[in-house]
Amino acid sequence: MVARVGPGRLTARRRPSALHGPARCAAGVAEGIATTAGYGSRTGRRSSEWTGCSMKLDELVARVYAAPRGPKIGAFFDYDGTVISGYSAMAFYNKRLRDREIGAAELAKMTWASVRGVSSEQEFAELLDLSLAAYRGRPPEELMKLGESLFKHEIAAQLHTEVWELIEAHHEMGHTVVLASSATRFQVQPMARDMRAEHVLCTELEVLDGLVTGRPAGAPLWGLGKARAVRALAAGHDLDLGASFGYSNGDEDVMFLETVGNPVAVAPQVGLASEAARRGWPVLRCVPRGGRPSPTEVLRTLGFYGGFAAAVGAGLGVGLLRRSRREMLDVTTALGADLSLGLAGVSVDVLSGAEYLTSARPCLFLFNHQSKLDPILAMKLVRGQFTGVAKKEAKNIPGFGQLFQLADVAFVDRGNTAQARAALEPAVAKMRDEGISLMMAPEGTRSATPRLGPFKKGAFHIAMQAGVPVVPIVIRNAGEVMWRGAQVIKAGTVEVVVLPPVDSTTWRIETITEHVAQVRGMYLDTLAHWPGRPLPPATDPTDDFSDDFPDGPSDGDA
């Protein structure tokens, strides 16, 4: 069953398979610098019209599922322009520009490099030396911390969700996932962790006496250097390159893609697109991510806030007429979600389980959390007779903070366990005594990528204490319409699956960890086998490599 919820577009929007117009490879001097000299340099323009061997995402996922299972099959992913749209170096250069760390001489050299481009390993090495000199004398731990911050707040927004699905398909098949990039480790490590890459091939930095020297440790992994690193890794880990997969967008990565039997050009530049056409390599078109919002997106976002403000006014009117705060809240949240999302161009498709939104109340509704829109999406689904839990900072959000307080939302200090328990006691009483449901995000914070974060136990203690069932709401792609750090909303359709209620009446404190794992496993399984998506072949019961590397990449691969 597919339930269409509320106003907005009624047709599910699968990921588009073609770019909408030429994707810009430079926006001002800084991006021009990043595309040629940063880390993970690229040359040439992205091809936006050529479609010789274009394949839909579902076809490429099906190819992965048709491959042999097991860790002998490698899946090698380039980073800049492939896993992400654009260049991670852009975030680092922008940070240096904001901090006024780039002098006139360096800026002039980098600007000239962006105009000239990079066409050889020697040119790339020279530009890499110039850019890495900025980090001379800094401890590598400081650079890793900088990389984590920029990834969380900027770079993760550029994720190609199409490539993410391919990564997940390879994990489903037990393949060895490798991130292979000419970028530095402090650029690629955060994404490698989130994509659960078993190995990282990257340009390492030289460190002496605990400080970065500003020089690479060995040859940069650009062009032939990356291809050699892939062959060396395969030899050392017994990977079958002839049956393995490779993904890249860059003209310089033809040799890298030649190392595997299943190369794929991802949002390719002109040179790689032509080579892919000549060789018959598949091409995946990706929707560009990140970048500056369009005027339409800004207007839709203003409409979102305006629509919710109008709903607050309507709710206040109803509440005053009926002399009921509960009716005021129910009208405000239901109408507010409908109006705001409709004006923003966001629709919600409940692909299955819509009946569970009403059949088990009062209950604890859980939703996975990647976007600022997630609470509004949940409001649209639950539609009244609920309260929620939010971090204490949410109390200060203009408009919404006041509404949350009227709704008796429990504001918790995530760093103060005792305060959090005390704040949640009224919510437990409302469920138990008044029949009011509760909404929570068990991850506790928004994730930077679609990877499901660890679940905290607090929600499960609440369900156990109140004696109410848990109803999991699984949201697939809210981050595509509004990423965790975004300020504007993109039009689109968010897909949702509601899972059957989970009985909590037999739970005990000593078994709560098992119940957390059970429910989180339901989310993982649903996200991995989403309705309408290609399904993997049946698993051989003798295989046990579906999640051999849960903690991300191993160190030291280069």
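Highest mean packing comes first when the peptides 71-80, 143-152 are listed by Cβ atoms within 10 Å, giving 71-80, 143-152. Put simply, when 338-344, 352-358, 490-496 are sorted by average Cβ atoms within 10 angstrom per residue, most first, you get 338-344, 490-496, 352-358. Highest average first, the peptides 426-439, 92-105 ordered by how many other beta carbon atoms sit within 10 Å of their residues are 426-439, 92-105. Legend: residue pairs Lys152/Lys456; Lys72/Lys95; Lys72/Lys456; Lys56/Lys145; Lys56/Lys490, Cα-Cα distance threshold 32 Å; pairs beyond threshold, Lys72/Lys95; Lys72/Lys456; Lys56/Lys145. Simple spin-label estimate for Thr513 and Glu258 gives 5.2 nm between the two label positions (7 Å along the Cα-to-Cβ direction from each Cα). Each residue of segment 204-211 is assigned a 3J(HN,Hα), and the resulting list reads 7, 9, 6, 10, 10, 6, x, 10 Hz, derived from the Karplus form 6.51 cos²θ - 1.76 cosθ + 1.60 (θ = phi - 60°), x at Gly and Pro.
Between the beta carbons of His529 and Asp129, assuming R0 = 51 Å, the FRET efficiency works out to 0.60 to the nearest 0.05.
Using the Cβ of Ala157 as centre and a radius below 9 Å, the other residues enclosed give a net charge of +1, where K and R count +1 and D and E count -1.
All of the numbers you see were taken from the coordinates with simple rules; none came from a lab. Values in this document were obtained by computation on a predicted structure and should not be read as measured data. Heads up, the Cβs are rebuilt from the backbone with ideal geometry, glycines too, and the neighbour counts pull from every protein chain shown.
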